[in-house]
Amino acid sequence: MQVSTDKHEKLRDYIGSLQARGELTFTKDQAVRDLGITENAFLNSALRLIKKQALLKPFSGFYVIVAPEYRSSGGPPAIWYIDALMKFLEQPYYVGLLSAAAYHGATHQAVMELQVVTTKPLKLLRVGKSRIRFIVNKYTKKIPTTQVKTPQGPVPISTAGATAMDLVRFRKKSGGFSHIATVFVEMGKRIETGDLVKVAEIYRDAPLVQRVGYLLDKFVEGVRLATLHGWLKFQRCSYKRLSGKRNGPEIEINDKWMIICDVAVEPDEV
């Protein structure tokens, strides 16, 4: 029993030393190597600390240190350790969709989960009281990003224009068109047409551009879309239903963007 207790104390002291250096995460392999203990001894000690809410394990082999002030909330914000987690998984990523929109001014539409775009399917992670949802995008490495600062360093998030495109591209994960329109109203002035065109060139998806252009034109005052509309003139375009369905009611036909609006889009007042 004394040996087990000593190993437990070693891990607790080790975590304290990491915190003293400002570190929030560590891996199983790193701890086993640094402490000179067996994997089983580490796992037993880590489990005890997880039960005491002093550690979180978002992914097998990856641990997040929970300071006392974050134990009531289930752990530190997921964005603080997402960069370390994605490096551990060796996956490219950016924070996107509604999570990115919140950093671009759409604070009223923030979701209670961190939406992360990457190239590999990963299951929804429930970490303490936080959730991390992964969205697969084969163009992840090409999408323009900016950085937000966290206590653990910078984290890439999609630019405002890329966020707008992704919200519509992954609209089922974005709350639907009325929700997206509300986000556009809140972050619209930060969307640059050059950024939209850059993403349009990456996706090469004319119907997506038609839908984004239509929604921005309809709900955001002062947004400049001439360059984006000009990009469409060089594409093979046909009239597309906003919903993407084959049939349904025709609420509005917009000739500029060649969109048949077949769903009611009603943004919230902001």
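The values are calculated or read from the model by the stated rules, or taken from the named source; none is laboratory data. Only a predicted model underlies this, so the values are computations on that prediction, with no experimental measurement involved. Note that we place each Cβ from the backbone using ideal geometry, even for glycine, and neighbour counts take in every protein chain shown.
Report yes if some residue within region 51-63 is surrounded by 11 or more Cβ atoms within 10 Å (Cβ to Cβ) and in a helix (DSSP H, G or I); otherwise report no. Checked region 51-63: no residue is surrounded by 11 or more Cβ atoms within 10 Å (Cβ to Cβ) and in a helix (DSSP H, G or I). When Glu269 is tested against the conditions (1) surrounded by fewer than 18 Cβ atoms within 10 Å (Cβ to Cβ); (2) outside any helix (DSSP H, G or I); (3) touching a residue at least 12 places away in the same chain (Cβ under 8 Å), the lone failure is (3).
Taken over region 96-111, residues that are closer than 17 Å to Gly176 by Cβ and at pLDDT below 95 amount to 5. In contact with a Lys or Arg (Cβ under 9 Å, 6 or more places away or on another chain) and part of a helix (DSSP H, G or I): is that true of Gly244 in this structure? So Gly244 does not fit the description; no. Just to be sure I understand the filter: pairs with C-beta atoms under 7 Å, separated by 6 or more residues or on different chains, first member in region 235-253 and touching a residue at least 12 places away in the same chain (Cβ under 8 Å), second member of a type outside the set (Ser, Thr, Tyr) and exposed (fewer than 11 other Cβ atoms within 10 Å of the Cβ). Which pairs pass? Note: pairs meeting the criteria are Ile251/Ala264.
Scan region 166-207 for residues that are farther than 25 Å from Glu269 by Cβ and among the aliphatic types (A, V, I, L, M) and the total you get is 6.
Among the residues of region 136-192, those that are among the aliphatic types (A, V, I, L, M), under 22 Å from Asp217 (Cβ atoms) and either at pLDDT 95 or above or in a helix (DSSP H, G or I) (or both) comprise Ala160, Ala162, Ala164, Met165, Leu167, Val168, Ile180, Ala181, Val183, Val185, Met187. Here Ser99 qualifies as in contact with a strand residue (DSSP E or B) (Cβ under 9 Å, 6 or more places away or on another chain), surrounded by 22 or more Cβ atoms within 10 Å (Cβ to Cβ), in contact (Cβ under 8 Å) with a residue 24 or more places away in the chain and hydroxyl-bearing (Ser, Thr, Tyr).
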